[in-house]
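What follows is a single structure, written as structure tokens, with notes after it.
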Amino acid sequence: MGKPAQFMCRLRASTMAEFTGGDNYQAEFDPKAYLGYFKFGEDTLGEEYLNFALKHYCKTFPSGGVKGDTLIDIGSGPTVHQLLSACESFKEITASDYTDQNHQELEKWLKNEPEAFDWTPVVKYVCELEGNRGMEAEKEAKLRKTIKQVLKCDVHKSNPLDPIVLPPADGLVSSLCLEAACKDLTTYRIALKNISSLLKPGGHLVLSGVLGCSFYMVGPKRFSCLVLREEFLREVLSETGFIIQEFEVLVRDDNIDDSSDFSGKFFILALKEEAI
Ligand SMILES: C[S@@+](CC[C@H](N)C(=O)[O-])C[C@H]1O[C@@H](n2cnc3c(N)ncnc32)[C@H](O)[C@@H]1O
């Protein structure tokens, strides 16, 4: 009887020891290596995620009527894929991330610097989805103009943008961030509540990410990921005061790539309930 219990303790301890938090991101997250996932046409895991997420963003923002003045992106990382459709529906976007190197990488793209990541193939795909083939340059210019600032963000703070206090936004986007930032489900619950405080009642949350994922590689570095299930996400959103309007799941179609062990992808559109 004693042995399995000891084994479980050791297993739990080793799982916890492997958690990679904010300090690990600041010290070891390499934006260039991460961006390797987003090279379109190279059959990467990132491309599989993009194919799923971009279609949903397109349905949600330009055609789906989710719009407003202000949108905050939580845990932007060095990427802009999550904002390409949103910039058609919101006037001002605030990007945010925990690490300095991700801020710098985003700024490079915003300033159109030569060494910035080339998002053109992804932008081209989004333009096609939106029925605007050939309008890549206009789309990039629009997104650059709409992103007004890149702020420091920590989802574990009650105001994740502290010390900056922004007026509550009309929309909130977050892609692949909370499961990367949270070590357990309790922390996830609190982090969701924290980011929800940045959103107006009646505003929309667009949350996407991966299910059943315990790790992902960024170059040679392994980052932990909190294993999420659909039932948990439904429960935590509803207890945080969200009405789920859309919940799409796509099961992973191959398991050959060993750079991450996710079992599926999710896309959620949820409305923050008006205060009673
Ligand atoms: C997997 S990346 C996702 C990047 C991007 N949103 C995407 O969809 O590709 C996870 C991001 O979460 C950020 N992150 C980690 N801990 C965080 C925290 N406590 N608060 C805010 N962001 C955090 C990391 O810096 C990293 O950019």
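The values are calculated or read from the model by the stated rules, or taken from the named source; none is laboratory data. Please read these numbers as outputs of a predicted model, since none were measured by experiment. A quick note on method: Cβ atoms are made from the backbone with ideal geometry, for glycine too, and the neighbour counts reach across all protein chains shown. Side chains included, ligands, DNA and RNA excluded: accessible areas come from the protein's heavy atoms. Shrake-Rupley method; radii C 1.70, N 1.55, O 1.52, S 1.80 Å.
Taking the criterion of being surrounded by 16 or more Cβ atoms within 10 Å (Cβ to Cβ) and touching a Leu at 6+ places or on another chain (Cβ under 9 Å), the residues of the range 215-234 that qualify are Tyr216, Cys225, Leu226, Val227, Leu228, Leu233. Taking the options Ser260, Ser238, name whichever one is in contact (Cβ under 8 Å) with a residue 24 or more places away in the chain and either polar (S, T, N, Q) or surrounded by 13 or more Cβ atoms within 10 Å (Cβ to Cβ) (or both). The conditions single out Ser260. There is at least one residue in the range 120-136 that is within 16 Å of the ligand (Cβ to nearest atom) and open to solvent by 50 Å² or more (accessible area, probe 1.4 Å). Kindly establish whether Gln26 is within 11 Å of the ligand (Cβ to nearest atom), surrounded by fewer than 19 Cβ atoms within 10 Å (Cβ to Cβ) and in contact (Cβ under 8 Å) with a residue 24 or more places away in the chain. The answer is yes for Gln26.
Candidates Gln26, Gln6: the one that is modelled with pLDDT of 95 or more and polar (S, T, N, Q) is Gln26. Here Lys111 does not qualify as touching a residue at least 12 places away in the same chain (Cβ under 8 Å) and of a type in the set (D, E, K, R). Contact annotation: residue pairs with Cβ atoms under 6 Å, 6 or more positions apart or on different chains, pairing a residue in the range 192-211 that is within 22 Å of Gly264 (Cβ to Cβ) with a partner that is not in a strand (DSSP E or B) and not β-branched (Val, Ile, Thr), are Ser208/Ala53; Gly209/Leu176; Gly209/Glu179; Val210/Phe262; Leu211/Leu228; Leu211/Ser263.
For the range 241-257, a residue qualifies if it is open to solvent by 20 Å² or more (accessible area, probe 1.4 Å), farther than 30 Å from Lys32 by Cβ and in contact (Cβ under 8 Å) with a residue 24 or more places away in the chain, and the qualifying residues are Ile243, Ile244, Gln245, Glu246, Glu248, Val249. For the structure I just gave you, tell me whether Ser259 is within 16 Å of the ligand (Cβ to nearest atom), at pLDDT below 95 and of a type outside the set (Val, Ile, Thr). Here the answer is yes, as Ser259 does meet what is asked.
Across the range 47-102, the qualifying residues are those that are assigned to a helix (DSSP H, G or I), more than 10 Å from the ligand (Cβ to nearest atom) and among the aliphatic types (A, V, I, L, M), and the one among them that is surrounded by the fewest Cβ atoms within 10 Å (Cβ to Cβ) is Leu54. For Gly202, only one of the following conditions fails: (1) buried (at least 16 other Cβ atoms within 10 Å of the Cβ); (2) under 19 Å from Thr60 (Cα atoms); (3) small (Gly, Ala, Ser). What is its number? Failing condition for Gly202: (1).
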